[in-house]
1. Looking at the stretch 53-84 only, could you name the residues that are β-branched (Val, Ile, Thr) and either outside any helix (DSSP H, G or I) or at pLDDT below 85 (or both)?
2. What is the residue count in the stretch 1-11 for residues that are outside any helix (DSSP H, G or I) and surrounded by fewer than 12 Cβ atoms within 10 Å (Cβ to Cβ)?
3. When the stretch 117-158 is examined, which residues are found to be open to solvent by 60 Å² or more (accessible area, probe 1.4 Å), at pLDDT 70 or above and not hydrophobic (A, V, I, L, M, F, W, C)?
4. Out of the residues in the stretch 152-168 that are free of Cβ contacts under 8 Å to residues at least 40 places away in the same chain and among the β-branched types (Val, Ile, Thr), which is farthest from Ala104 (Cα to Cα)?
5. Count, please, the residues in the stretch 12-52 that happen to be outside any helix (DSSP H, G or I) and either in contact with a helix residue (DSSP H, G or I) (Cβ under 7 Å, 6 or more places away or on another chain) or open to solvent by less than 90 Å² (accessible area, probe 1.4 Å) (or both).
Amino acid sequence: MRCSQAIQQLQLYIDNHLPWEKVRLLEVHLATCVECRRELAVLEEIAAALEGTQSVLEPMNLTTNIMQLVAYDVQQRERERVGREVYVPLRPSLKEMLSVIILATITTFGIILGQPSLRVSLGFSNGHDQFAHVAVTAALFFASMNSGTLTAAFWVFGTLIGVCITLALAGNEVRGEWFKAISHKLPVW
(Lines give C-alpha, C1' and ligand atoms only; values in the text may rest on other atoms or scores of the structure.)
Protein backbone atom coordinates (compact mmCIF):
# COMPACT_ATOMS: atom_id res chain seq x y z
CA MET A 1 0.00 0.00 0.00
CA ARG A 2 1.22 3.50 -0.81
CA CYS A 3 1.32 6.35 1.69
CA SER A 4 -1.25 8.37 -0.29
CA GLN A 5 -3.74 5.49 -0.08
CA ALA A 6 -2.99 4.96 3.62
CA ILE A 7 -3.50 8.65 4.50
CA GLN A 8 -6.87 8.65 2.72
CA GLN A 9 -8.00 5.69 4.84
CA LEU A 10 -6.73 6.89 8.24
CA GLN A 11 -9.90 8.80 9.24
CA LEU A 12 -12.07 5.81 8.32
CA TYR A 13 -9.73 3.64 10.41
CA ILE A 14 -10.09 5.92 13.45
CA ASP A 15 -13.90 6.00 13.07
CA ASN A 16 -14.04 2.20 12.69
CA HIS A 17 -15.64 2.45 9.24
CA LEU A 18 -12.91 0.66 7.28
CA PRO A 19 -13.57 -2.94 6.05
CA TRP A 20 -11.51 -5.72 7.71
CA GLU A 21 -9.44 -6.50 4.61
CA LYS A 22 -8.33 -2.87 4.34
CA VAL A 23 -7.72 -2.63 8.11
CA ARG A 24 -5.17 -5.42 7.91
CA LEU A 25 -3.42 -3.87 4.88
CA LEU A 26 -3.36 -0.46 6.60
CA GLU A 27 -1.98 -1.89 9.84
CA VAL A 28 0.80 -3.69 7.90
CA HIS A 29 1.66 -0.39 6.20
CA LEU A 30 1.56 1.50 9.52
CA ALA A 31 3.96 -1.01 11.06
CA THR A 32 6.58 -0.11 8.43
CA CYS A 33 5.92 3.60 7.69
CA VAL A 34 6.92 6.26 10.25
CA GLU A 35 5.25 9.18 8.38
CA CYS A 36 1.84 7.49 8.27
CA ARG A 37 2.13 6.60 12.01
CA ARG A 38 2.76 10.30 12.75
CA GLU A 39 -0.28 11.29 10.67
CA LEU A 40 -2.37 8.69 12.56
CA ALA A 41 -1.16 10.08 15.89
CA VAL A 42 -2.16 13.63 14.88
CA LEU A 43 -5.62 12.49 13.76
CA GLU A 44 -6.15 10.47 16.98
CA GLU A 45 -5.13 13.52 19.03
CA ILE A 46 -7.66 15.68 17.18
CA ALA A 47 -10.38 13.06 17.61
CA ALA A 48 -9.67 12.84 21.35
CA ALA A 49 -9.86 16.62 21.71
CA LEU A 50 -13.16 16.73 19.84
CA GLU A 51 -14.68 14.01 22.05
CA GLY A 52 -14.30 16.26 25.08
CA THR A 53 -16.30 19.13 23.58
CA GLN A 54 -20.00 19.61 24.11
CA SER A 55 -22.24 19.90 21.12
CA VAL A 56 -24.29 23.05 20.79
CA LEU A 57 -27.82 23.03 19.47
CA GLU A 58 -28.45 25.43 16.65
CA PRO A 59 -31.41 27.80 16.90
CA MET A 60 -34.59 26.66 15.18
CA ASN A 61 -34.59 29.65 12.80
CA LEU A 62 -30.87 29.62 11.93
CA THR A 63 -31.44 28.83 8.24
CA THR A 64 -34.12 31.52 7.96
CA ASN A 65 -31.87 34.11 9.62
CA ILE A 66 -28.95 33.27 7.32
CA MET A 67 -31.14 33.46 4.22
CA GLN A 68 -32.56 36.82 5.33
CA LEU A 69 -29.04 38.20 5.85
CA VAL A 70 -27.97 36.97 2.42
CA ALA A 71 -31.06 38.51 0.79
CA TYR A 72 -30.48 41.79 2.65
CA ASP A 73 -26.83 41.85 1.56
CA VAL A 74 -27.80 41.27 -2.08
CA GLN A 75 -30.42 44.04 -1.91
CA GLN A 76 -27.93 46.42 -0.29
CA ARG A 77 -25.35 45.78 -3.01
CA GLU A 78 -28.00 46.32 -5.70
CA ARG A 79 -29.01 49.64 -4.12
CA GLU A 80 -25.36 50.76 -4.02
CA ARG A 81 -24.82 49.72 -7.65
CA VAL A 82 -27.98 51.48 -8.83
CA GLY A 83 -27.11 54.54 -6.73
CA ARG A 84 -23.82 54.92 -8.62
CA GLU A 85 -25.41 54.47 -12.04
CA VAL A 86 -28.47 56.66 -11.66
CA TYR A 87 -28.96 58.91 -14.66
CA VAL A 88 -30.92 62.05 -13.94
CA PRO A 89 -32.12 63.55 -17.25
CA LEU A 90 -32.90 66.97 -15.76
CA ARG A 91 -29.40 67.42 -14.36
CA PRO A 92 -27.00 67.02 -17.30
CA SER A 93 -23.29 66.78 -16.73
CA LEU A 94 -20.77 69.25 -18.12
CA LYS A 95 -19.89 66.90 -20.99
CA GLU A 96 -23.54 66.59 -21.96
CA MET A 97 -24.10 70.34 -21.82
CA LEU A 98 -21.03 71.07 -23.98
CA SER A 99 -22.07 68.41 -26.50
CA VAL A 100 -25.56 69.90 -26.79
CA ILE A 101 -24.20 73.45 -27.13
CA ILE A 102 -21.72 72.44 -29.85
CA LEU A 103 -24.33 70.50 -31.83
CA ALA A 104 -26.89 73.30 -31.49
CA THR A 105 -24.33 75.87 -32.65
CA ILE A 106 -23.37 73.79 -35.70
CA THR A 107 -27.03 73.26 -36.55
CA THR A 108 -27.86 76.95 -36.14
CA PHE A 109 -24.99 78.06 -38.38
CA GLY A 110 -26.01 75.47 -40.97
CA ILE A 111 -29.56 76.79 -41.01
CA ILE A 112 -28.45 80.42 -41.13
CA LEU A 113 -26.01 79.83 -43.96
CA GLY A 114 -28.64 77.88 -45.90
CA GLN A 115 -31.17 80.76 -45.84
CA PRO A 116 -30.05 83.93 -47.68
CA SER A 117 -32.69 86.07 -45.93
CA LEU A 118 -31.33 85.08 -42.50
CA ARG A 119 -27.72 85.51 -43.60
CA VAL A 120 -28.35 89.14 -44.56
CA SER A 121 -29.97 89.97 -41.21
CA LEU A 122 -26.86 88.99 -39.26
CA GLY A 123 -24.18 91.63 -38.83
CA PHE A 124 -21.21 89.30 -39.16
CA SER A 125 -22.46 87.74 -42.39
CA ASN A 126 -22.21 90.82 -44.56
CA GLY A 127 -19.27 89.27 -46.32
CA HIS A 128 -16.57 91.66 -45.09
CA ASP A 129 -14.91 89.54 -42.40
CA GLN A 130 -12.95 86.25 -42.66
CA PHE A 131 -15.53 84.07 -40.90
CA ALA A 132 -18.33 85.22 -43.18
CA HIS A 133 -16.18 84.62 -46.26
CA VAL A 134 -15.27 81.05 -45.17
CA ALA A 135 -18.86 80.24 -44.13
CA VAL A 136 -20.36 81.56 -47.39
CA THR A 137 -17.74 79.74 -49.46
CA ALA A 138 -18.45 76.48 -47.59
CA ALA A 139 -22.21 76.93 -48.00
CA LEU A 140 -21.84 77.59 -51.73
CA PHE A 141 -19.54 74.58 -52.06
CA PHE A 142 -22.09 72.31 -50.36
CA ALA A 143 -24.95 73.79 -52.38
CA SER A 144 -23.12 73.10 -55.66
CA MET A 145 -22.45 69.43 -54.78
CA ASN A 146 -24.42 66.49 -56.05
CA SER A 147 -27.16 65.58 -53.53
CA GLY A 148 -25.97 61.96 -53.26
CA THR A 149 -22.41 63.03 -52.52
CA LEU A 150 -23.64 65.64 -50.05
CA THR A 151 -25.82 63.07 -48.29
CA ALA A 152 -22.90 60.63 -48.05
CA ALA A 153 -20.60 63.35 -46.71
CA PHE A 154 -23.13 64.40 -44.06
CA TRP A 155 -23.76 60.76 -43.14
CA VAL A 156 -20.03 60.11 -42.61
CA PHE A 157 -19.58 63.39 -40.72
CA GLY A 158 -22.68 62.73 -38.58
CA THR A 159 -21.51 59.20 -37.80
CA LEU A 160 -18.08 60.43 -36.73
CA ILE A 161 -19.63 63.18 -34.58
CA GLY A 162 -22.02 60.62 -33.04
CA VAL A 163 -19.17 58.23 -32.18
CA CYS A 164 -17.14 61.08 -30.68
CA ILE A 165 -20.07 62.31 -28.57
CA THR A 166 -20.91 58.78 -27.43
CA LEU A 167 -17.29 58.15 -26.41
CA ALA A 168 -17.12 61.53 -24.67
CA LEU A 169 -20.23 60.76 -22.63
CA ALA A 170 -19.49 57.09 -21.97
CA GLY A 171 -17.67 55.96 -18.87
CA ASN A 172 -14.01 54.99 -18.81
CA GLU A 173 -14.84 51.29 -18.77
CA VAL A 174 -17.05 51.48 -21.88
CA ARG A 175 -14.50 53.70 -23.64
CA GLY A 176 -11.68 51.27 -22.81
CA GLU A 177 -13.66 48.27 -24.09
CA TRP A 178 -14.51 50.15 -27.30
CA PHE A 179 -10.89 51.12 -27.96
CA LYS A 180 -9.77 47.55 -27.23
CA ALA A 181 -12.35 46.12 -29.67
CA ILE A 182 -11.38 48.63 -32.37
CA SER A 183 -7.65 48.06 -31.91
CA HIS A 184 -8.15 44.29 -32.43
CA LYS A 185 -9.92 44.97 -35.73
CA LEU A 186 -7.37 47.44 -37.14
CA PRO A 187 -4.76 46.05 -39.51
CA VAL A 188 -1.26 45.62 -38.13
CA TRP A 189 1.62 46.71 -40.32
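1. Within the stretch 53-84, the first condition is being β-branched (Val, Ile, Thr), and the residues that meet it are 53, 56, 63-64, 66, 70, 74, 82.
Those that are β-branched (Val, Ile, Thr) and either outside any helix (DSSP H, G or I) or at pLDDT below 85 (or both): Thr53, Val56, Val74, Val82.
2. The initial filter retains those residues of the stretch 1-11 that are outside any helix (DSSP H, G or I), namely 1-2.
Those still in the list that are surrounded by fewer than 12 Cβ atoms within 10 Å (Cβ to Cβ) too: 2.
Total meeting the criteria: 1.
3. Across the stretch 117-158, the qualifying residues are Ser117, Gln130, His133, Thr137, Ser144, Asn146, Ser147, Thr149, Thr151.
4. Of the stretch 152-168, the ones free of Cβ contacts under 8 Å to residues at least 40 places away in the same chain are 152-160, 162-164, 166-167.
Still in the running and among the β-branched types (Val, Ile, Thr): 156, 159, 163, 166.
Working: Val156: 19, Thr159: 16, Val163: 17, Thr166: 16 Å.
If we take residues in the stretch 152-168 being free of Cβ contacts under 8 Å to residues at least 40 places away in the same chain and among the β-branched types (Val, Ile, Thr), then Val156 is farthest from Ala104 (Cα to Cα).
5. From the stretch 12-52, those outside any helix (DSSP H, G or I) are 15-19, 33, 52; that's our starting set.
Still in the running and either in contact with a helix residue (DSSP H, G or I) (Cβ under 7 Å, 6 or more places away or on another chain) or open to solvent by less than 90 Å² (accessible area, probe 1.4 Å) (or both): 15, 18-19, 33, 52.
Result for the stretch 12-52: 5.
The values are calculated or read from the model by the stated rules, or taken from the named source; none is laboratory data. Just so it is clear, the structure is predicted and the values come from calculations on it, not from any experiment. As a convention, Cβ positions derive from the backbone with ideal geometry for all residues, glycine included, and neighbour counts pool all protein chains shown. When the accessible area is computed, the model is the full protein with side chains, heavy atoms only, and any ligands, DNA or RNA have been set aside. Shrake-Rupley method; radii C 1.70, N 1.55, O 1.52, S 1.80 Å.
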